[in-house]
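Colleague: Just dropping this structure here.
The values are calculated or read from the model by the stated rules, or taken from the named source; none is laboratory data. The structure displayed is predicted, hence computed values, not measured ones. FYI the Cβ positions are ideal-geometry reconstructions off the backbone, even for glycines, and counts take in every protein chain you see. Keep in mind that these areas ignore ligands, DNA and RNA; they rest on the heavy atoms of the full protein, side chains included. Shrake-Rupley method; radii C 1.70, N 1.55, O 1.52, S 1.80 Å.
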Amino acid sequence: KRIGFEHIIETALGMQNVSQIAAASRRNESLHFGVADYAASTRARTTIIGGVNPDYSVLTDPLDDGSRAIHWGDMWHYALARMVVAARANGLRPVDGPFGDFSDPDGYRAAAKRAAVLGCEGKWAIHPSQITLANEVMSPSDAEVTKAQRILKAMEDAAAAGKGAVSLDGRLIDYASIRQAEVLVQKAKQIKGE
């Protein structure tokens, strides 16, 4: 049986070479983000694993009353997005790494949603309490699948009428919309084992 490779990108050197790693073998299957070792390798000023840091934030200009708001940022965004691009460009599955605070389900859910939005297919679960959360977030909702199916139907009807684009719910949909919808519907089928 053929053996597949799943790589963990967890150092600055690994991230620098992520595209070459992703393309190195036809047996490659996925890239995973090893956030804790990556943080150590880049000498990030944090001791958390996969969570947010209040020091990675921006301060708004003073409002009329003199107050200022703080907006926390996602210090892992660049690295995760770069890994996702390298994975997808080479036909691999990107997977987000661990979230160390297993007593914080809301924090885990938020981190998993961020990864899913960026294109990750999964997120590590380092504690049994995180398994259900990972499955919940990484699986498309019934509403998302229904919307994707409506897009496919609308484009099918548009094609039959000789149109290359159409509107649905006040939004333009075109052939790029078909690809997005097909990906989502296919993922839902894979999860159901169809």
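Colleague: Got a sec? What order do 9, 178 fall in by accessible area at 1.4 Å, biggest, i.e. largest, first?
Modeller: 178, 9
Colleague: A follow-up question, please. Grab the Cα-Cα distance for residue 113 and residue 24, subtract it from 0.36 nm times how many residues apart they are, and report the gain in nm with one decimal. Before the final figure, lay out the partial values.
Modeller: Details: separation 89, 0.36 × 89 = 32.04 nm, distance 2.92 nm.
Between residue 113 and residue 24, full extension yields 29.1 nm more.
Colleague: Rounded to the nearest 20 Debye, what is the dipole magnitude of the chain about its Cα centre when Lys and Arg each give +1 and Asp and Glu each give -1 at the C-beta?
Modeller: On the way: 23 positive and 23 negative charges, 184 e Å.
Approximately 880 debye in magnitude.
Colleague: Calculate, in nm to one decimal, what residue 101 and residue 60 gain on full extension: separation in residues at 0.36 nm each, minus their alpha carbon distance.
Modeller: Value of the extension gain: 11.9 nm.
Colleague: Provide the percentage of antiparallel DSSP beta bridges, counting only those with both residues in the stretch 35-194; round to the nearest 5.
Modeller: 75
Colleague: Report the semi-axes of the equivalent ellipsoid for the stretch 102-142 in whole Å, largest first, where each axis is √(5λ) for an eigenvalue λ of the Cα gyration tensor.
Modeller: Over the Cα atoms of the stretch 102-142, the semi-axes work out to 16, 10, 9 Å.
Colleague: Moving on to the next point. Taking only protein heavy atoms into account and a 1.4 Å probe, give the accessible area per residue of the chain in Å².
Modeller: Per residue, the chain has an accessible area of 63 Å².
Colleague: Right, next: Rounded to the nearest 10 degrees, what's the angle between the helix 129-138 long axis and the longest principal axis of the chain, both from Cα atoms, 0 to 90?
Modeller: Tilt of helix 129-138: around 40 degrees.
Colleague: Quick check: at a probe of 1.4 Å, how many percent of the accessible area of the stretch 50-156 sits on carbon and sulfur atoms?
Modeller: Carbon and sulfur together cover 57 percent of it.
Colleague: Also, I was wondering about something else. Say each of residue 150 and residue 47 gets a label point 7 Å from the Cα, pointing the same way as Cα to Cβ; how far apart are those two points in nm?
Modeller: About 5.0 nm, to one decimal.
Colleague: From the mean inverse distance of alpha carbon pairs (Kirkwood) and the Cα radius of gyration, derive Rg over Rh for the chain.
Modeller: Numbers: Rg = 19.8 Å, Rh = 19.0 Å.
Result: Rg/Rh = 1.04.
Colleague: Turning to a different aspect of this structure: Mind checking the angle between helix 175-192 and the chain's longest principal axis? C-alpha axes, 0 to 90 degrees, to the nearest 10.
Modeller: 70
Colleague: What number, in nm² with one decimal, is the all-direction average of the projected area of the convex hull of the alpha-carbon atoms of the stretch 48-153?
Modeller: One quarter of the hull surface, i.e. the mean projection, equals 9.8 nm².
Colleague: Related question: So, taking all protein chains as they sit and a 1.4 Å probe, how much accessible area belongs to residue 65, in Å² rounded to tens?
Modeller: Taking all protein chains as shown, residue 65 has close to 120 Å².
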